[in-house]
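Below is one structure; the comments refer to it alone.
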Amino acid sequence: MTEAPLISVENLTRHYKVGEEEVRALDGVSFDVRRGEWVAVVGQSGSGKSTLMNLIGALDTPTGGSYRINGNDVEKMSDDQLADLRNTEIGFVFQTFQLLSRSTALANVELPLVYRGLPRKERKEKAVQALESVGLGNRMHHKPNELSGGQRQRVAIARALVGNPSLLLADEPTGNLDSATGEDIIRLFGELNQRGHTILLVTHEPRLAARCPRAIRLSDGKVVADGPGAEVATIGAPPLQAPHHGAVA
Amino acid sequence: MKRARRAWAELLEGFRIAFGALVGARLRTFLTTLGIVIGVSTVIAIVAIIQGLDRSFEEQIQFLGAHTLYVDRHPWIQSDNTWWMYRNRKKITVEELRAVQRESTLAVAVAPMAGTRGKISRGNIELETVNIRGTSEEYLNANGGGVQAGRFLVAGDVELARPSVVLGTDVVDRLFPDEPVAAAVGKKVLVAGRPFQVVGVLERQGQMLGMPLDNVAIMPWPTFGRIFGTQRNLTLSVAAPPGKVSELESELTPILRRARNVQPGRPDDFAFNRQDQFLKLYKQLTGALYGMAVGVGLITLIVGGIGIMNIMLVSVHERTREIGVRRALGARRSTILMQFLIESAAVAALGGAVGTAVGLGVAQLVALLSPLAAAATPSAIVFGIAFSTATGLLFGIWPAWRAANLDPVEALRYE
């Protein structure tokens with residue numbers, strides 16, 4: 001028997017009411033993610049990928065369908081259970097880093113463990129370890145505004161890793177970085193995946209999706225492609241090097 | 001165990017955040033607490049002054065014995081326009097004194113008291129308005145107090161109407177300047193122009209509502225009668241055994257009615273005066289002040305609380321994204337609620353502590369610069385801080401509730 005998938009999404013829907021109109025941001029999405037996978041969710045803005053990320057991150061609850069992560073039926077959970085699930089199962093990496101500006105890098109990384117109720121000493125040990133693993137052992141006592149963009153994102157990644165979650169959930173993690181720094185971060189994700197972390201990377205950039213072993217393309221709230229990153233990234237999207245003279249694929 | 005540890009960690013985190021927020025925005029913290037500071041300091045100062053007044057009044061009122069009834073024609077405390085009711089009452093005379101002495105079984109001591117103001121002189125020192133009192137040897141037993149030098153009047157002074165006088169310390173100090181108090185004993189003085197021998201000096205009694213109690217000269221009441229006339233109204237002070245003042249009053253009423261020929265069915269034409277009546281009156285007065293202080297305090301606390309609520313709402317708004325981040329990292333609604341409640345309570349407690357300190361300072365200043373005594377009890381301090389903290393909690397509920405119920409998705413996206 002094969003191992004149960006880490007994430008199992010089945011016919012997931014999320015509808016919003018905008019005035020009289022019902023918007024189907026997510027319209028019956030199904031896929032599995034196995035442990036150790038690195039999957040990109042790619043799509044244009046408005047394709048539903050942010051909605052999907054919020055649902056997978058347990059920040060939001062679906063209108064219909066089911067979502068399991070690590071054996072938890074998320075759609076049935078109370079608000080407190082969702083908070084605990086976010087704390088233990090999911091490590092968020094945001095486009096805008098979302099660090100607390102008044103706290104040091106160390107305090108930022110410790111935060112998830114505070115909500116887990118770990119003793120101070122253990123918290124610090126793990127946070128130091130996490131910061132060292134992303135190459136920031138010498139920047140622990142700096143505040144976010146004393147760090148470069150790339151360093152901030154590394155702090156955020158350390159924060160995502162520190163609780164040893166089953167899923168790293170990254171939302172446009174290179175969106176606010178220059179290309180060289182973005183490249184570093186992507187390489188870091190590659191290393192983390194090599195070490196066994198399961199990663200779900202949400203992006204609108206086909207180039208990034210092409211780097212992932214697997215990609216899921218969303219369009220109008222539906223999965224339109226699911227396969228190797230290099231293939232999925234190019235489907236339905238302009239060619240990577242679009243010529244200027246108006247050729248449309 | 002794990003839950004407790006988590007709650008503890010969150011609590012500490014809440015305090016850490018509150019501290020950071022308060023120190024991070026000092027001016028705002030200052031302005032926020034100002035309302036509470038003013039409210040609490042006002043109340044603390046007023047309460048301290050009232051408590052000081054109460055205490056000094058209770059000390060002063062001790063010159064009226066706690067177990068003593070003062071029988072007079074009229075009550076000493078009268079409601080505004082009733083004096084005419086008492087004006088035509090018969091004087092209290094030796095008849096009543098004798099009746100009480102003869103018939104009362106409860107009375108421990110009975111002393112008549114007659115009084116006027118008059119001159120006392122010695123050599124070329126002349127005191128114009130000394131309170132001159134005529135009484136008996138039982139005066140001290142009935143009223144309390146004692147002599148610090150020499151002796152009090154004895155039965156012989158009263159029976160023989162001797163020219164003996166016992167002086168209060170104010171009188172001694174002025175008649176015998178630069179001499180020890182005991183030096184007065186045995187000396188001659190002139191009271192209302194007649195020679196008297198000083199037989200003793202009373203203990204110092206201080207003041208009663210600004211009236212000096214030591215500007216006094218006490219002589220046997222028959223002697224007093226010879227000089228100032230025998231037709232004066234007397235006040236009888238009758239001491240009861242401890243705790244039996246009311247029983248004594250019940251016993252004396254028929255005795256006095258008979259002695260004064262009050263017909264059955266007619267109201268008493270005399271009145272009993274007691275120390276606790278004064279205390280009651282005084283407590284009524286300061287009770288009203290207390291009420292006002294509490295009212296003012298409540299209003300300013302409400303105003304201060306609204307200020308805190310206002311600032312907390314702004315603070316929640318400003319930290320929307322931080323709230324989103326914390327929620328994403330595993331903070332529950334209750335965690336966020338607690339965090340903001342701690343913050344508002346901390347601001348208010350800070351205001352309460354500063355306000356208490358300022359209020360006590362003002363009270364001390366008042367005590368220093370005016371005759372008002374200010375005394376703060378520890379309970380006033382505890383109440384000041386506790387009430388302001390409670391205000392912070394109360395007015396922090398709504399902002400904290402709003403913070404806790406933010407949608408994490410919206411909060412994270414908030415610019």
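The values are calculated or read from the model by the stated rules, or taken from the named source; none is laboratory data. The structure presented is a predicted model; accordingly, all values stated were derived computationally and were not measured. Every residue, glycine among them, receives a Cβ derived from its backbone with ideal geometry; neighbour counts consider all protein chains shown.
Could you tell me whether any residue of the range B:118-132 is among the small types (Gly, Ala, Ser) and under 32 Å from the mean Cα position of the chain (by Cα)?
No: the range B:118-132 contains no residue that is among the small types (Gly, Ala, Ser) and under 32 Å from the mean Cα position of the chain (by Cα).
One residue is enough: does the range B:7-24 have a residue meeting the conditions under 26 Å from the mean Cα position of the chain (by Cα), in the same structural domain as B:ARG327 (by TED's automatic domain parsing) and under 30 Å from B:VAL314 (Cβ atoms)?
Looking for residues that are under 26 Å from the mean Cα position of the chain (by Cα), in the same structural domain as B:ARG327 (by TED's automatic domain parsing) and under 30 Å from B:VAL314 (Cβ atoms), one finds none in the range B:7-24, hence no.
List, please: which pairs have Cβ atoms under 6 Å, are six or more places apart or on different chains, and start with a residue in the range B:165-180 that is among the β-branched types (Val, Ile, Thr) and end with one that is outside any strand (DSSP E or B)?
Between residues of the range B:165-180 that are among the β-branched types (Val, Ile, Thr) and residues that are outside any strand (DSSP E or B), the close pairs are B:VAL166/B:PHE152; B:THR169/B:ARG204; B:THR169/B:ASP214; B:VAL172/B:VAL181; B:VAL172/B:ALA184.
Inside the range B:309-366, can you point out the residues that are in contact (Cβ under 8 Å) with a residue 40 or more places away in the chain and among the polar types (S, T, N, Q)?
Result: B:SER315, B:THR320, B:SER334, B:THR335, B:GLN339, B:SER344, B:THR356.
Hey, can you tell me all the residues within the range A:60-86 that are under 22 Å from A:VAL41 (Cα atoms), within 9 Å of another protein chain (Cβ to nearest Cβ) and either without any contact (Cβ under 8 Å) to a residue 12 or more places away in the chain or buried (at least 23 other Cβ atoms within 10 Å of the Cβ) (or both)?
Answer for the range A:60-86, where residues must be under 22 Å from A:VAL41 (Cα atoms), within 9 Å of another protein chain (Cβ to nearest Cβ) and either without any contact (Cβ under 8 Å) to a residue 12 or more places away in the chain or buried (at least 23 other Cβ atoms within 10 Å of the Cβ) (or both): just A:ARG86.
Could you go through the range B:322-341 and let me know if any residue there is assigned to a helix (DSSP H, G or I) and more than 30 Å from A:VAL109 (Cβ to Cβ).
No, the range B:322-341 contains no residue that is assigned to a helix (DSSP H, G or I) and more than 30 Å from A:VAL109 (Cβ to Cβ).
Examine the range A:125-147 for a residue that is surrounded by fewer than 18 Cβ atoms within 10 Å (Cβ to Cβ), within 8 Å of chain B (Cβ to nearest Cβ) and of a type outside the set (A, V, I, L, M), and state whether such a residue exists.
no
May I ask you to list the residues in the range B:322-338 that are surrounded by fewer than 22 Cβ atoms within 10 Å (Cβ to Cβ) and more than 7 Å from chain A (Cβ to nearest Cβ)?
Of everything in the range B:322-338, those that are surrounded by fewer than 22 Cβ atoms within 10 Å (Cβ to Cβ) and more than 7 Å from chain A (Cβ to nearest Cβ) turn out to be B:SER334, B:LEU337, B:MET338.
Go through the range A:22-59 residue by residue and tally those that are in contact (Cβ under 8 Å) with a residue 12 or more places away in the chain, in contact with a Phe, Trp or Tyr (Cβ under 8 Å, 6 or more places away or on another chain) and β-branched (Val, Ile, Thr).
The qualifying residues number 1.
Do the conditions hold for B:GLN231, that is, is it touching a Phe, Trp or Tyr at 6+ places or on another chain (Cβ under 8 Å) and modelled with pLDDT under 90?
Working: touching a Phe, Trp or Tyr at 6+ places or on another chain (Cβ under 8 Å): no; modelled with pLDDT under 90: yes.
Judged against the criteria, B:GLN231 is not a match.
Starting from the range A:176-196, keep only residues that are under 16 Å from A:PHE94 (Cβ atoms), then list their pairs with residues that are polar (S, T, N, Q) whose Cβ atoms are within a distance under 7 Å, requiring at least 6 positions of separation or different chains.
Pairs found: A:ASN176/A:GLN95; A:ASN176/A:THR96; A:LEU177/A:GLN153; A:GLY182/A:THR174; A:ILE185/A:GLN153; A:ILE185/A:THR174; A:ILE186/A:THR174.
Of the residues that sit in the range B:101-144 and are of a type in the set (Val, Ile, Thr) and more than 20 Å from B:VAL172 (Cα to Cα), which one is surrounded by the most Cβ atoms within 10 Å (Cβ to Cβ)? Write out each step before concluding.
Start the filter on the range B:101-144 by keeping residues that are of a type in the set (Val, Ile, Thr), which leaves B:105, B:108, B:110, B:116, B:120, B:125, B:129-130, B:132, B:135.
Cutting the leftovers down to more than 20 Å from B:VAL172 (Cα to Cα) gives us B:105, B:108, B:110.
Details: B:THR105: 6, B:VAL108: 17, B:VAL110: 23.
Per the stated criteria, the residue is B:VAL110.
If you scan the range B:263-289, which residues turn out to be surrounded by 17 or more Cβ atoms within 10 Å (Cβ to Cβ) and either among the acidic types (Asp, Glu) or farther than 30 Å from B:TYR86 by Cβ (or both)?
Within the range B:263-289, just B:ASP269 meets the criteria.
Give B:ILE227, B:ILE255 a once-over and let me know the one that is surrounded by 13 or more Cβ atoms within 10 Å (Cβ to Cβ), under 30 Å from B:GLY118 (Cα atoms) and aliphatic (A, V, I, L, M).
Working: B:ILE255 fails: under 30 Å from B:GLY118 (Cα atoms).
Being surrounded by 13 or more Cβ atoms within 10 Å (Cβ to Cβ), under 30 Å from B:GLY118 (Cα atoms) and aliphatic (A, V, I, L, M) holds for just one of B:ILE227, B:ILE255, which is B:ILE227.
Exactly one condition in (1) within 17 Å of the chain's Cα centre (by Cα); (2) farther than 23 Å from A:GLY229 by Cβ; (3) surrounded by fewer than 23 Cβ atoms within 10 Å (Cβ to Cβ); (4) at the interface with chain B (Cβ under 10 Å from one of its Cβ atoms) is false for A:MET53; which is it?
Looking at each condition in turn, A:MET53 falls short on (2).
Within the set of pairs 6 or more residues apart or between chains, which connect a residue that is facing chain A (nearest Cβ under 7 Å) and within 16 Å of A:ASN108 (Cβ to Cβ) inside the range B:1-20 to a residue that is surrounded by 15 or more Cβ atoms within 10 Å (Cβ to Cβ) and among the aromatic types (Phe, Trp, Tyr) with Cβ atoms less than 9 Å apart?
Cβ pairs passing all conditions: B:ALA9/A:TYR115; B:GLU13/A:TYR115.
With B:THR68, B:THR33 as the choices, which residue is surrounded by 16 or more Cβ atoms within 10 Å (Cβ to Cβ), in contact with a Leu (Cβ under 6 Å, 6 or more places away or on another chain) and not aromatic (Phe, Trp, Tyr)? Break it down stepwise before answering.
Working: B:THR68 fails: in contact with a Leu (Cβ under 6 Å, 6 or more places away or on another chain).
Within the list B:THR68, B:THR33, the selection yields B:THR33.
Return the residue satisfying two criteria in turn: it lies in the range B:357-415 and is of a type in the set (A, V, I, L, M, F, W, C) and not in a helix (DSSP H, G or I), and of such residues it is nearest to the other protein chains (Cβ to nearest Cβ). Outline the logic, then answer.
Let us first name the residues in the range B:357-415 that are of a type in the set (A, V, I, L, M, F, W, C), namely B:357-358, B:360, B:362-363, B:365-369, B:372-376, B:380-383, B:385-387, B:390, B:393-395, B:397-398, B:400-401, B:403-404, B:406, B:409, B:411-412.
Subset that is not in a helix (DSSP H, G or I): B:372-376, B:406.
Working: B:LEU372: 48, B:ALA373: 48, B:ALA374: 43, B:ALA375: 44, B:ALA376: 38, B:LEU406: 11 Å.
The selected residue is B:LEU406.
For the range B:8-103, give me every one of the helices (runs of 4 or more DSSP H) that falls completely inside it and has 1 or more residues that are small (Gly, Ala, Ser).
B:26-60, B:94-103
Being out of contact with any strand residue (DSSP E or B) (no Cβ under 9 Å at 6 or more places or on another chain), of a type in the set (Ser, Thr, Tyr) and at negative phi: is that true of A:SER78 here?
Criteria met by A:SER78.
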